[in-house]
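Chemist: Here's a structure for you.
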Amino acid sequence: MGIWDKLFGELVDIIDWTDDTSHTLVYRFPRYGNEIKNGAKLTVREGQLAILVNEGEVADVFEPGLYELNTANVPILSTLQGWQHGFESPFKAEVYFFNTRIFTDMKWGLRNPLILRDPEFGVIRTRAFGSYAFRIQDPAVMLKEIVGTDGHFVLEEIIGQLKNLVVTGFAKVISEAKVPILDLVASYDDLGRFLTEQLQPMFKAYGLSLETLLVENVSVPEAVEKALDERASSIAVGDLNRFTRYQQAQAMRDAANNQGTAGSGMAMGMGFGMAQSFGAALGRGDSNDPLAPPPMPEQVQVVKHYFVVIDGQRVGPVNLAVIKDMIVESKITAETLMWTEGLADWSAADTLSEVKTLLNSQPPAMPQ
């Protein structure tokens, strides 16, 4: 830079930045010897922030607007160490412009499968990919942590690191959350919002803000996909049987409403056949129908046992079949003492209803 450029830079001092690229994040305004004229005009446009740096330290941050750089409007300038020749002399400082627009459609994806322990399918491998959007939130932090003295900091210098943040954060959050794989693929929108919230602190540490994170796909191995398809098919079988019976009923109604001659006979025949099929289906039931009632419970018959006093001796336990034989053999009469579960004491045989029925079923004595 020649002497005329230096003199022109001191006489006409307007500091601004118009970005003609789509990938510049930070731009340092060029100045001969970093000299800025006292009273210089600083223009910060919408979508920009500006930082005034003196000897590596942030002196002030400027939002969109027009500023005059002098001690009246920027009190911090009165303390700058480069101010050695009075308030009318140039001072040494640097101005960095930060592009605060949202950078969209940043791609991310798992390079290697993520191994998860799923509560339903066990250990499985899954892949995922999507996109994210970010913006500069705290230029002072970004200048300190990332930019440093870089006078032209572009997207390509940081996009690899941001992608690693997203991929590493995704793997960490999903592994620790222990979310079933079926829930992961149920709603990508909810998953994206959850991940955006969880990964925000990682971006904030670099002075950035993660605006959105989109999950476009979560894939599983072919064997797991096949298992999911088989499950869906088995669930659909019940609905298919219901639909088939509904179609049969509709066909029977249409056949009954058909008033044609030859067509009517054919329709009646078809309707009769469908009715038989429909009736058979209803009669045998369908174990795959989710609306079918459960089978009737089996009745368990409880066998009672009895004790009998015969010739002063206790006989038993015996069941009703043996009791019946003993009645036929006249070993048990109406006055015979008996006992069974539920009786407080020995009772006559004819006081037990089931035994009295057997006694009454015997024929009378033979006539003489």
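The values are calculated or read from the model by the stated rules, or taken from the named source; none is laboratory data. Source: prediction; values computed, not measured. Note that each Cβ is placed from the backbone with ideal geometry, even for glycine, and that neighbours are counted across all protein chains shown.
Chemist: With the range 159-220 as the region, which helices (runs of 4 or more DSSP H) entirely inside it contain at least 2 residues that are not hydrophobic (A, V, I, L, M, F, W, C)?
Modeler: It comes to 159-177, 188-204.
Rundown of residues vs (1) of a type in the set (D, E, K, R); (2) more than 60 Å from the chain's Cα centre (by Cα); (3) part of a helix (DSSP H, G or I), yes/no style:
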| residue | (1), (2), (3) |
| --- | --- |
| VAL315 | no, yes, no |
| ALA321 | no, yes, yes |
| LYS324 | yes, yes, yes |
| ALA334 | no, yes, no |
| MET338 | no, yes, no |
| LEU343 | no, yes, no |
| THR357 | no, yes, yes |
| GLN362 | no, yes, no |
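Chemist: Which of the residues that make up the range 139-153 are farther than 19 Å from PRO201 by Cβ and either charged (D, E, K, R) or buried (at least 16 other Cβ atoms within 10 Å of the Cβ) (or both)?
Modeler: Answer for the range 139-153, where residues must be farther than 19 Å from PRO201 by Cβ and either charged (D, E, K, R) or buried (at least 16 other Cβ atoms within 10 Å of the Cβ) (or both): LEU143, VAL147, ASP150, PHE153.
Chemist: Give the residues of the range 90-105 that are modelled with pLDDT of 85 or more and surrounded by fewer than 17 Cβ atoms within 10 Å (Cβ to Cβ), sorted by residue number.
Modeler: ARG101, ILE102, THR104, ASP105
Chemist: Outside the structural domain of TYR67 (by TED's automatic domain parsing), closer than 30 Å to ALA223 by Cβ, without any contact (Cβ under 8 Å) to a residue 12 or more places away in the chain and not polar (S, T, N, Q): does that describe ILE174?
Modeler: no
Chemist: Here is a further query. Mind checking which pairs have a first residue in the range 314-335 that is under 17 Å from LYS356 (Cβ atoms) and a second that is outside any strand (DSSP E or B) and basic (Lys, Arg), Cβ under 9 Å, 6 or more apart or different chains?
Modeler: ASN319/LYS304; LEU320/LYS304; ASP325/LYS331; ALA334/LYS356
Chemist: Which residue is surrounded by the fewest Cβ atoms within 10 Å (Cβ to Cβ), if the candidates are limited to the range 345-355 and must be out of contact with any Ser or Thr (no Cβ under 9 Å at 6 or more places or on another chain) and assigned to a loop (DSSP other than H, G, I, E, B)?
Modeler: ASP345
Chemist: For the structure I just gave you, tell me whether LYS172 is modelled with pLDDT of 90 or more and surrounded by 13 or more Cβ atoms within 10 Å (Cβ to Cβ).
Modeler: Criteria not met by LYS172.
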